[in-house]
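A.B. asks: Pasting a structure below so you can have a look.
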Amino acid sequence: MSFEKLTQIISTVIPLPIDNVDTDQIIPARFLKSINREGFGDNLFRDWRYDTSNEPIMGFVLNDSQINGKILVAGRNFGCGSSREHAAWAIYDYGIRVVLSTSFADIFKNNALNIGLLPIEVPENFIEKIFDLFAVKKKLNLKVNLQEQQVEIINTDEKVGFDISSYKKNCLLNGIDDIDYLVLKTDRIEEFEQGIK
Amino acid sequence: MMQTKTLFDKVWEKHIVDQIDDKLNMLYIDRHFIHEVTSPQAFSGIEKRGISVFRPKQTIATADHNVPTENQHLEIKEELSRIQVDKLKENCAKHSIDLYGLGNPYNGIVHVIGPELGITQPGMTIVCGDSHTSTHGAFGSIAFGIGTSEVEMVFASQCLMQAKPKRMLIQIDGEQKVGVTAKDIILYVLSRLTSAGAIGYFIEFAGSAIENLSMEGRMTLCNMSIELGARGGMIAPDQTTFDYIKNRQFAPNGDFEQKILEWKQLKTDEGAEFDSSHFFDSTDIEPMITYGTNPGMGIKLTGKIPNKNEKDKYFTKALNYMNLERNKSILGHPIDYIFIGSCTNGRIEDLRDAAKIIKGRKKNPNVKGYIVPGSKQVEEQAIKEGIDLIFKDAGFELRQSGCSACLAMNEDKIPSGAYCVSTSNRNFEGRQGPGARTLLASPLTAAASAINGYITDPREFLI
């Protein structure tokens with residue numbers, strides 16, 4: 001199943017300066033009762049976004065009409081906890097294409113890459129700079145160039161590189177997923193199975 | 001000289017089908033567990049592609065996350081849960097996958113039934129669309145949680161694309177103190193290394209304190225290795241492991257002794273190198289409890305909540321959510337609920353621990369409790385041992401098996417603002433229900449706290 005290609009994203013940012021954002025916050029378990037992949041964006045950060053009477057909680061970043069964008073910038077250890085891919089689906093469904101953090105939980109990172117959501121690890125001072133600049137002027141533009149593996153703060157020309165597996169990079173650039181690749185390898189897999197018997 | 005290898009290296013290397021790029025391996029998966037919540041989109045994915053499940057006999061299914069823990073013989077009331085459970089049944093039938101669904105004597109939480117049926121064995125690669133798959137590492141297997149796209153990959157090819165994690169050793173030596181369980185050991189390690197302390201690593205737990213643990217204890221430990229941020233945790237198999245597996249339903253056929261000889265090779269070679277190592281002394285470990293909103297925020301039961309600066313936004317947010325104060329003791333804090341169960345502490349040994357405290361006592365009238373066995377087999381064993389009656393006499397009820405209030409996907413929820421001493425694995429905001437305040441601890445501590453109605457050191461009842 002292919003997904004939307006990702007080559008370059010130029011966008012304003014949504015800052016979320018909180019560490020250890022777990023997947024129960026990204027999408028609470030009670031919203032996992034779907035047999036489809038779509039529609040999770042409505043409940044993205046549900047319990048931070050809405051109170052128990054379903055009223056928007058003012059002060060939460062997604063409820064600020066001035067703030068929007070395709071790039072989420074978060075504190076360290078983003079996506080920890082449950083393996084629910086629904087967390088990555090919810091972020092994608094909301095319209096976000098890139099998440100920046102100093103570190104990601106391993107399962108979340110894999111899930112994101114598998115659906116065409118790009119998790120980018122950058123140094124702490126770069127994240128801090130984004131949060132600081134954002135606090136001063138609300139509109140902050142970032143450019144993410146996957147081909148060159150680089151993130152740029154357009155307002156200040158500051159750039160930083162990032163790491164990604166060459167295979168995964170190719171998948172994202174071309175909008176192809178692992179299964180397209182794996183099913184071509186079944187001969188090799190069968191050979192492997194014979195070997196272990 | 002022969003190259004020395006860690007246990008992890010040995011099992012990983014044996015499962016590499018291909019090298020994809022400088023980072024990714026194509027890894028063969030021996031066993032794949034599925035459940036109702038993270039599998040439906042993977043089934044529809046392969047159907048859209050027009051492919052079938054490549055090795056259906058290597059996938060095992062159960063219904064656990066959504067299921068009610070009472071009246072399981074009736075139709076599931078909650079519509080969306082019922083649809084997921086029915087969908088699983090339909091998908092398994094269509095794709096020839098063995099399902100231990102509701103009503104089956106082997107039904108239960110996926111990470112409880114795999115080991116108790118003898119499906120989980122040393123040296124295997126095991127995955128499931130659930131982060132606590134790390135539990136199975138207790139048998140010396142590489143076991144880790146995956147997302148739904150990866151579930152689909154395993155359906156399609158019995159393989160996954162994975163970067164090889166770094167290797168971490170956590171060695172714990174020394175005698176375990178009275179009142180200390182495997183849960184306390186892992187909460188202690190978490191409090192020392194934090195919930196992000198092992199990102200990018202696969203852990204091997206070793207040392208005399210680990211060797212002395214039962215399989216149940218080892219499973220509790222490996223279960224929560226994911227809470228350290230690790231991909232998983234594993235323990236070299238030994239006689240305790242072999243004795244546990246022997247004679248179970250799906251234990252290896254044929255020459256079991258021969259199999260044991262093979263399994264005995266699964267250990268880290270003398271002098272093999274880890275990318276990171278941590279050493280702890282078991283005599284430093286006491287009964288633990290968490291006070292915050294991630295499992296790394298734990299203290300000794302007799303300790304005080306840390307006195308961190310107001311500027312620590314994350315810490316302040318956590319304490320506000322929990323409505324707890326800095327620098328205060330946690331012992332004696334009133335509680336509203338206890339939850340004993342989950343893939344962390346829902347095994348027979350955990351129920352025995354709880355019963356040890358509860359026997360002959362009454363629960364505090366202000367405390368409500370969910371005591372939920374991890375599987376039908378655990379439930380039956382508890383009944384056989386009369387543990388259900390001990391609970392009943394104290395004012396509790398032994399429910400039917402499932403994930404229950406660990407993640408509150410079924411009706412078992414902790415109300416907003418209520419404090420729950422829980423034997424589960426996560427104390428995240430809202431994990432046990434919106435606004436619920438979770439304090440993670442051992443079954444001993446949960447049971448003792450239920451008797452008194454406030455957070456209690458279980459040693460009070462053990463000595």
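The values are calculated or read from the model by the stated rules, or taken from the named source; none is laboratory data. Everything numeric in this text was worked out from a predicted model, so none of it was measured. Virtual Cβ from ideal backbone geometry, glycine too; neighbours counted across all protein chains shown.
A.B. asks: Please go through the stretch B:120-176 and give me each residue that is surrounded by 24 or more Cβ atoms within 10 Å (Cβ to Cβ), more than 7 Å from chain A (Cβ to nearest Cβ), hydroxyl-bearing (Ser, Thr, Tyr) and out of contact with any Ser or Thr (no Cβ under 6 Å at 6 or more places or on another chain), ordered by number.
C.D. replies: Scanning the stretch B:120-176 gives B:120, B:133, B:135, B:141.
A.B. asks: So residue A:99 ticks every box in (1) hydrophobic (A, V, I, L, M, F, W, C); (2) under 8 Å from the mean Cα position of the chain (by Cα); (3) within 14 Å of chain B (Cβ to nearest Cβ) but one. Which box is left unticked?
C.D. replies: (3)
A.B. asks: Which count do you get for residues in the stretch A:165-197 that are facing chain B (nearest Cβ under 9 Å) and in contact with a helix residue (DSSP H, G or I) (Cβ under 9 Å, 6 or more places away or on another chain)?
C.D. replies: Qualifying residue count for the region: 13.
A.B. asks: Hey, any hits in the stretch A:52-75 for a residue that's in contact with an Asp or Glu (Cβ under 7 Å, 6 or more places away or on another chain) and closer than 30 Å to residue A:152 by Cβ?
C.D. replies: Let us first name the residues in the stretch A:52-75 that are in contact with an Asp or Glu (Cβ under 7 Å, 6 or more places away or on another chain), namely A:57, A:75.
Subset that is closer than 30 Å to residue A:152 by Cβ: A:75.
Scanning the stretch A:52-75 turns up at least one residue that is in contact with an Asp or Glu (Cβ under 7 Å, 6 or more places away or on another chain) and closer than 30 Å to residue A:152 by Cβ.
A.B. asks: While we're looking at this one, here's another question. Could you tell me which numbered condition residue B:92 fails, if it satisfies all but one of (1) more than 13 Å from every other protein chain (Cβ to nearest Cβ); (2) not in a helix (DSSP H, G or I)?
C.D. replies: Of the numbered conditions (1) more than 13 Å from every other protein chain (Cβ to nearest Cβ); (2) not in a helix (DSSP H, G or I), the odd one out for residue B:92 is (2).
A.B. asks: Filter the helices (runs of 4 or more DSSP H) completely within the stretch B:299-392 down to those with at least 1 residues that are farther than 29 Å from residue B:222 by Cβ.
C.D. replies: B:313-322
A.B. asks: Quickly run through the stretch A:33-59 and pick out the residues that are in contact with a strand residue (DSSP E or B) (Cβ under 9 Å, 6 or more places away or on another chain), within 14 Å of another protein chain (Cβ to nearest Cβ) and not in a helix (DSSP H, G or I).
C.D. replies: Within the stretch A:33-59, A:45, A:50, A:57 meet the criteria.
Listed here are the residues, each with its yes/no results for (1) buried (at least 17 other Cβ atoms within 10 Å of the Cβ); (2) more than 26 Å from residue B:121 (Cα to Cα).
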{"site": "B:4", "(1), (2)": "no, no"}
{"site": "B:25", "(1), (2)": "yes, no"}
{"site": "B:29", "(1), (2)": "yes, no"}
{"site": "B:60", "(1), (2)": "yes, no"}
{"site": "B:80", "(1), (2)": "no, yes"}
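A.B. asks: Out of the residues in the stretch B:166-210 that are assigned to a loop (DSSP other than H, G, I, E, B) and of a type in the set (D, E, K, R), which is nearest to residue B:426 (Cα to Cα)?
C.D. replies: Checked the stretch B:166-210; the qualifying residue nearest to residue B:426 (Cα to Cα) is B:177.
A.B. asks: Within the stretch B:120-146, restricting attention to residues that are outside any helix (DSSP H, G or I) and β-branched (Val, Ile, Thr), which residue is nearest to residue B:16 (Cα to Cα)?
C.D. replies: Within the stretch B:120-146, the subset outside any helix (DSSP H, G or I) is B:120-130, B:140-146.
Checking which are β-branched (Val, Ile, Thr) leaves us with B:120, B:125-127, B:142, B:146.
Values: B:120: 20, B:125: 11, B:126: 14, B:127: 15, B:142: 13, B:146: 18 Å.
Per the stated criteria, the residue is B:125.
A.B. asks: Here's a follow-up. Any chance you could count how many residues in the stretch B:292-313 are surrounded by fewer than 19 Cβ atoms within 10 Å (Cβ to Cβ) and either within 26 Å of residue B:230 (Cβ to Cβ) or at pLDDT 95 or above (or both)?
C.D. replies: 8
A.B. asks: Working only within the stretch A:112-132, note down all residues that are within 9 Å of the chain's Cα centre (by Cα) and not in a strand (DSSP E or B).
C.D. replies: A:112, A:113, A:116, A:117
A.B. asks: Determine, yes or no, whether residue B:260 is closer than 30 Å to residue B:398 by Cα, of a type in the set (Val, Ile, Thr) and either outside any loop (DSSP other than H, G, I, E, B) or assigned by TED's automatic domain parsing to the domain that holds residue B:182 (or both).
C.D. replies: In short, no.
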